[in-house]
Each structure stands twice: as C-alpha cells, then as structure tokens.
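All remarks here apply to the structure that follows.
The values are calculated or read from the model by the stated rules, or taken from the named source; none is laboratory data. In this text the structure is predicted, and so the values were computed from the model without any measurement. Please note: Cβ atoms are built from the backbone with ideal geometry, for glycine as well, and neighbour counts cover all protein chains shown.
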Amino acid sequence: MTSSPPVLIEGVRLRLRRSTPDDAPSAFRAGAHTEVMRYMDWPAHRSEADARAYLQGCQARWETGTEYHWVIIDKRSGALIGSIACRISGHAADFGFLVARDAWGQGLGTEAAALLLGWLRRQPEILRIWATTDSENARALHVLHKLGLQSEGVLRMATWRPQLGGPPRDTAVLAWVRRPEGAAG
C-alpha cells in the first residue's frame, strides 16, 4: 500500500506544498503566459476565480485519493512558480507539471519533478511512473528524459490542445519502470 502522500516535499531550491484554494492568485499568474499553456491539454484559466475553482477540485481529489496536487515554491524568494500533480492507480502513477515562464531555464521544473519522482520511487508497489506531452514540446521531452523516463511511443492524434486549436495532436508517452524481483524483462 502506498504511503500517504506528503503535504510537503523539501528540496534544495524548491518546496512542494499541498495546494489550497488560497493559492489561486499566484497559481493564476504562474499559468497566465501563453507559452506556459501552449501545450497543455486543458484550457487556460481566464481568471483567479477559475484558478480557485480548479484548486478546490484539487483539494477534493486529494481527499478521495484520485489526484495529489502541490504548488512549487521557490525557497529563496518564497514565490509560487508552478504546480505539479500525480495520480496513482495500482502499480502505476502518472504525473504532470507547470512552471511559470519567468522560472524557465533554471532547472526548476526538473528539480520539482525529481522531488515528486523521488517520493513515488520510494513506494515499493509503484512499478511504473509515466507522463505524456505534446510530441513537439521539446522542452518537456528534454526534462522527462533528464529524469530517466524512456520514450515508449507516440499516440497519434490523441490529445486536443485547446491553446493550439485544430485537430487532436500527437502525444509522446514516456515512462520509468521498476521490474519486480524475478520478473522477466
């Protein structure tokens, strides 16, 4: 059985803290840049009220165990610079993250994801950790490979990206797996 998710995960430069609806103003600002939302598979929040409603849903999903959502805090400045979430289903967990545009290029997304993956990898029953991204999202693909996830393939025309419009887009699938002892490889 997976241990209860931590409400706080401390890193060197970052802190992952369980999100609350009160994070709405900062969370809205973090996702307000068009480049941040470009490849996301949900519509951008149009207001702080949208962000608050989303975070209220995150709170409810945490309580039911269907999804765990943290905000990413820069320990130096105390600023909320993004969010990260995971869903655990049996032996597998999927995750995704968002980092504010002004925090790009500093390795903060990689560090935040590494903190979450560190906790997930310490759960002995988690054998698969996976993520998806738009097949043209080079920045996200770079981060996922850097975290040790391997490409598994591309789901053609699998995901609608509302900020890009048009038809569904190709989606890359990447994963890290731990083989249980004695399992064939």
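Structure values in brief
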{"item": "Residues satisfying the stated conditions in region 66-104, i.e. loosely packed, with under 13 Cβ neighbours inside 10 Å, in contact with a strand residue (DSSP E or B) (Cβ under 8 Å, 6 or more places away or on another chain) and of a type outside the set (S, T, Y)", "result": "K75"}
{"item": "Identity of the residue in region 1-23, over 17 Å from the mean Cα position of the chain (by Cα) and aliphatic (A, V, I, L, M), that ends up farthest from K75 (Cα to Cα)", "result": "M1"}
{"item": "Of all residues in region 82-108 being of a type in the set (A, V, I, L, M) and either at pLDDT below 95 or over 8 Å from the mean Cα position of the chain (by Cα) (or both), the one that is nearest to R178 (Cα to Cα)", "result": "A92"}
{"item": "Residue list for region 96-112, filter: more than 13 Å from V36 (Cα to Cα) and among the charged types (D, E, K, R)", "result": "E111"}
{"item": "Single residue of A60, A24 found to be part of a helix (DSSP H, G or I), closer than 13 Å to L80 by Cα and either modelled with pLDDT of 95 or more or touching a helix residue (DSSP H, G or I) at 6+ places or on another chain (Cβ under 8 Å) (or both)", "result": "A24"}
{"item": "Region 98-157, residues that are free of Cβ contacts under 8 Å to residues at least 40 places away in the same chain, of a type in the set (S, T, N, Q) and more than 20 Å from E10 (Cβ to Cβ)", "result": "S135, Q150, S151"}
